[in-house]
Amino acid sequence: MSDLAKLFQHTPAVPENTPQIDPKDLFDADGVLIPQPASFWESKRREEKMLFGHTHGLYAFPTTELVSAVKRMIGGRRAIEIGAGNGGYARALAIPATDNHQQADPKFARLYQLAGHPTINYGPHVEKLDATLAVAKYQPKVVLACWVTHLYDPRRHELGGNVIGVDEQAIMEAVDDYIFIGNTDIHSAKPLLKDLHNGLIGTHTVAEYIVGQPMLQSRAARGVEFLLRLTRK
């Protein structure tokens, strides 16, 4: 099962009387989500954030505090974002944004439409580029990935994934730092996390693991948001 399929399956219906978060001043002229202080999202109920994310095809919401934290982690090194989607993080960080634009593909867009789920509004600065090709093109020292779905491996069928997902192991091994932002429920089956837990990652070690902090915000109905930074040994 892919991360998004899991999100759709595990997302309960939002009560009909749930108020919509006013999008005014939350998006720039290109329709890209602007980072807000964590206090803004903390003031919203989970159901409101779920509805906002669903309505606008967004999964995680960048905060000013998180952008500052990631800037510190990058430390002026060459960096890119993969699976950037709407592109809010990359634009705020002033780094290249890349994504394979899967949800813009008519056949995938149709599946989302049939499931009643709006698709991502890819920012105009988000280059249509597969993650592996993006790393080859930009040769970054740091890769940021937020809510990306991992590559499906038939040998590890139980972990799910997507046949055009991200080979996170290969991406990580090609860079000095890999920063992943996710949710403990939605991303619990990631091979990278399983291998890390079982001591099977030989090239990198955990530099930072931030869990449940207000600066981490998403549309998830369950679980806790986290940031994992892996750095080369």
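The DSSP beta bridges internal to region 102-233 are antiparallel in roughly 65% of cases.
Working from Cα pairs under 8 Å separated by at least six residues, relative contact order for region 119-168 is 30 percent. From its DSSP helices (H runs of at least four residues, each -39,500 (n - 2.57)), the chain gives a residue-normalised ellipticity at 222 nm of -8500 deg cm²/dmol. Relative to the compact-globule estimate of 2.2 N^0.38 Å, the Cα radius of gyration of region 114-233 comes out at 1.09. Name the residues whose placed amide hydrogens come within less than 5 Å of the amide hydrogen of E127, ignoring near sequence neighbours (fewer than 5 apart) on the same chain. Long-range HN contacts for E127: A97, T98, D99.
Coupling constants for region 41-47 follow from the phi torsions by the Karplus curve (6.51 cos²θ - 1.76 cosθ + 1.60, θ = phi - 60°), and in residue order they are 6, 5, 7, 9, 6, 4, 4 Hz; glycine and proline get x. For region 14-20, putting each phi into the Karplus relation 6.51 cos²θ - 1.76 cosθ + 1.60 with θ = phi - 60° gives couplings of 7, x, 4, 8, 5, x, 7 Hz, in residue order, rounded to whole numbers and with x for Gly and Pro.
Over region 1-131, the fraction of Cα-Cα pairs per 10 Å bin, rounded to whole percents and listed from the shortest bin up, is 11, 39, 37, 12, 1.
Angle of helix 64-74 to the longest C-alpha principal axis of the chain, folded into 0 to 90 degrees and rounded to 10: 10°. Among the protein heavy atoms of the chain, carbon and sulfur supply 54% of the accessible surface, probe 1.4 Å, non-protein parts ignored. All Cα-Cα separations within region 140-204 were binned at 5 Å from zero, giving a P(r) of 4, 17, 29, 29, 18, 4, 0, each value a whole percent of the pairs.
How much FRET efficiency would the formula 1/(1 + (r/R0)^6) give for R46 and K107, where r is the Cβ-Cβ distance and R0 is 30 Å, rounded to 0.05?
Step by step, r from the Cβ atoms, then E = 0.40.
Quick one: compute the contact order of the chain, relative version, from alpha carbon pairs under 8 angstrom and 6+ residues apart, as a percent.
Computed over the chain, the figure is 23 percent.
Sorting 79-85, 24-30, 41-47 by their mean Cβ neighbour count within 10 Å, with the most densely packed peptide first, gives 79-85, 41-47, 24-30.
Here's how it looks for H204: its modeled amide H is under 5 Å from those of K233, which are all 5 or more places away or on a different chain. Other residues lying with their Cβ under 12 Å from the Cβ of M50 contribute a combined charge of +4, Lys and Arg counting +1, Asp and Glu -1. In the structure shown, do any of K44/K233; K24/K141; K137/K194 have a Cα-Cα gap over 32 Å, and if so which? Where the Cα-Cα span goes over 32 Å, the pairs concerned are K44/K233; K24/K141. Distance distribution note for region 170-225: the fraction of Cα pairs above 14 angstrom is 60%.
Counting Lys +1, Arg +1, Asp -1, Glu -1, what net charge surrounds R91 among other residues with beta carbon under 10 Å of its beta carbon? Show your work: numbers first, answer last.
On the way: positive: none; negative: D28, D30, E81.
Spelling it out: positives minus negatives among the neighbours equals -3.
The base-10 log of I(q)/I(0) for the chain, evaluated at q = 0.08, 0.14, 0.17 Å⁻¹, reads -0.27, -0.88, -1.38 [Debye formula, identical scatterers on Cα atoms, solvent excluded].
The values are calculated or read from the model by the stated rules, or taken from the named source; none is laboratory data. Here the structure is a predicted model, which means the values were calculated and not measured. In this analysis, Cβ positions are derived from the backbone assuming ideal geometry, glycine residues included, and neighbour counts consider all displayed protein chains. Side chains are part of the model used for accessible areas, which takes the heavy atoms of the whole protein and leaves out ligands, DNA and RNA. Shrake-Rupley method; radii C 1.70, N 1.55, O 1.52, S 1.80 Å.
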